[in-house]
Amino acid sequence: MDLKLLKLVTIVAEAVISDKIVREIKELGATGYTITAAEGQGSRGVRASEWEGKNMRIETLVGEAVSEAILQMLATHYFPNYAVVAYVEDVRVVRGDKYV
Amino acid sequence: MDLKLLKLVTIVAEAVISDKIVREIKELGATGYTITAAEGQGSRGVRASEWEGKNMRIETLVGEAVSEAILQMLATHYFPNYAVVAYVEDVRVVRGDKYV
Amino acid sequence: MDLKLLKLVTIVAEAVISDKIVREIKELGATGYTITAAEGQGSRGVRASEWEGKNMRIETLVGEAVSEAILQMLATHYFPNYAVVAYVEDVRVVRGDKYV
């Protein structure tokens, strides 16, 4: 089975900023993404009322360089001002060549 | 803590074919699955209008042999004709013996 | 990029017990969580009618000690009586220090 090692980047963010994040990850080289609606409570000092409620969970499969660029973009532009969660993990992908 | 190393197989597919995929993964030995509604845009050459919109995200915890069989089935029967994403990762599962 | 290795704990449980599980994982030290609605069929001997339908998928990013405590709590209090799925994986998290 031809599987390619890629990075799965997961981002959980408030719905109001998720469209902008999707545009930015595509500009950075992500070729596809999946979005699911989510609720959650964050781990920052923010009041629950600011953060609980409608979030979007964005997932994208990318190569390592693009994953680094996405995380850096989030750390620089979103983490200072928004309740965003972002993490990366290794996955093996069917027909993975089309994602990089 | 008794944890068993298993494969988590994630499949994102158009809603119209997700029921068929679920039947096939059960026939191949998956004993359980989780489905969540998702939206997304794929990484194939397809037009956005063919692919954006309602997808299903199917997840199943299986042993290595069953994960290989599922990915092979998808690569053979679905990837040529449908916008499907499929990837596998290692997870450690509580009471994992019941899944294999 | 400053990434912290953390445990991503995923729990899929019937909706009726998900609020209680969320309270317990917070008491055990989880500082945030994400919930998505899911459907599924379990791998236990239960009849489909007992288990199919509305589930909640709870995810939380925690350090190793908290992940062990959560899994132990689930194994002791929930697995004997409910159709619960729980697994853990390694992820690398942006600004991960705030979760532990």
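Laboratory data are not the source of any read-out in this text; all were calculated from the coordinates shown. Predicted, not measured: the structure shown is a model, and the values here were computed from it. Every residue, glycine among them, receives a Cβ derived from its backbone with ideal geometry; neighbour counts consider all protein chains shown.
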How large is the direction-averaged shadow of the alpha-carbon convex hull of chain A, in nm²? 6.2 nm²
Which value in nm describes the separation of the simple spin-label points at C:Val16 and B:Asp19, placed 7 Å from the Cα toward the beta carbon? 2.7 nm
Assume the label is 7 Å from Cα along Cα to beta carbon: what separations in nm does B:Pro80 have to the matching positions in the other copies? 5.3, 5.3
From the phi of every residue in the range B:66-76, what ³J(HN,Hα) in whole Hz does the Karplus formula 6.51 cos²θ - 1.76 cosθ + 1.60 yield, where θ is phi - 60° and glycine or proline is x? 5, 4, 4, 5, 5, 5, 5, 4, 5, 4, 7
Set of lysines with alpha-carbon distance to B:Lys4 below 19 Å, sequence-local pairs under 8 removed: B:Lys98, C:Lys7
Note down the Stokes-Einstein diffusion coefficient of the protein assembly as shown in µm²/s, whole number, using a Kirkwood radius over alpha carbon pairs, 10 °C, and 1.306 mPa s. 82 µm²/s
The range B:15-30 - phi-based ³J(HN,Hα) in whole Hz, Karplus 6.51/-1.76/1.60, Gly and Pro as x: 4, 5, 10, 5, 4, 5, 5, 4, 4, 5, 5, 5, 4, 7, x, 5
